[in-house]
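Colleague: My questions will all concern the structure given below.
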Amino acid sequence: MTPSMPRLKHPLAAYQFLFEALRFTQEKLGKAQVDADDEDAAHISGQELLDGIREFARDQFGLMSKSVLDTWGIFETSDFGLMVYELIERGQMRKTDRDCLDDFCDRYDFEAAFGQDDSYDLDVSRAFRA
């Protein structure tokens with residue numbers, strides 16, 4: 001009998017979002033089509049992943065990004081780090097010797113990154129196409 005995996009700390013949708021954001025970031029950085037045996041070439045740093053998460057969340061959820069993340073219990077960048085390391089422990093993600101949980105700590109302020117302040121650019125170009 002194999003021991004059961006501990007329950008995930010966040011809703012499944014949060015982890016699905018994390019994997020989609022990872023794929024989005026890899027594609028954006030040109031690392032999605034690298035040889036699976038070359039982990040260094042495919043590697044995404046914590047900061048790169050967080051930057052990709054910010055962009056992907058804004059693309060997917062727009063001005064609702066912070067509300068969606070709040071609903072999932074994700075309130076700061078270190079929460080994503082804890083999710084990543086939870087998945088590493090479960091064998092669902094990998095890390096290199098250069099990676100550490102601190103890579104995810106205090107990288108950006110959620111209110112500034114996802115809030116409704118003046119720095120948020122809303123792309124409405126698709127809304128007005130004929």
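A short reminder: the numbers here are calculations on the coordinates, not readings from a lab. Keep in mind that this is a model prediction, so the values were computed, not measured. Glycine gets a Cβ as well: all are built from the backbone with ideal geometry, and neighbour counts include every protein chain shown.
Colleague: Using the C-alpha gyration tensor of the stretch 10-97, what are the square roots of 5 times its eigenvalues, in whole angstrom, with the largest one first?
Modeller: Working from the Cα gyration tensor, I get semi-axes of 22, 15, 10 Å.
Colleague: Taking the Cα centre of the stretch 12-116 as origin, sum charge times position over the Cβ atoms of Lys and Arg (+1) and Asp and Glu (-1), and report the length of that vector in debye to the nearest 20.
Modeller: For this selection, approximately 340 debye.
Colleague: Calculate the FRET efficiency for Ala112 and Tyr85 from the Cβ-Cβ distance with a Förster distance of 30 Å, rounded to the nearest 0.05.
Modeller: FRET efficiency, Ala112 to Tyr85: 0.75.
Colleague: When the Karplus curve 6.51 cos²θ - 1.76 cosθ + 1.60 is applied with θ = phi - 60°, which whole-Hz ³J(HN,Hα) does each residue of the stretch 45-51 get, with x for Gly and Pro?
Modeller: Once rounded to whole Hz, the list reads 6, x, 5, 4, 5, 4, 5.
Colleague: Same structure, new question: Filter the cross-link list Lys31/Lys66; Lys31/Lys95; Lys9/Lys31 down to pairs whose alpha-carbon distance in this structure exceeds 24 Å.
Modeller: Details: Lys31/Lys66 27 Å; Lys31/Lys95 15 Å; Lys9/Lys31 29 Å.
The pairs that break the limit, which is 24 Å between Cα atoms, are Lys31/Lys66; Lys9/Lys31.
Colleague: Give, in nm to one decimal, the length gained when the segment between Arg126 and Gln16 is fully stretched (0.36 nm per residue of separation minus the Cα-Cα distance).
Modeller: This chain segment gains 37.0 nm when fully extended.
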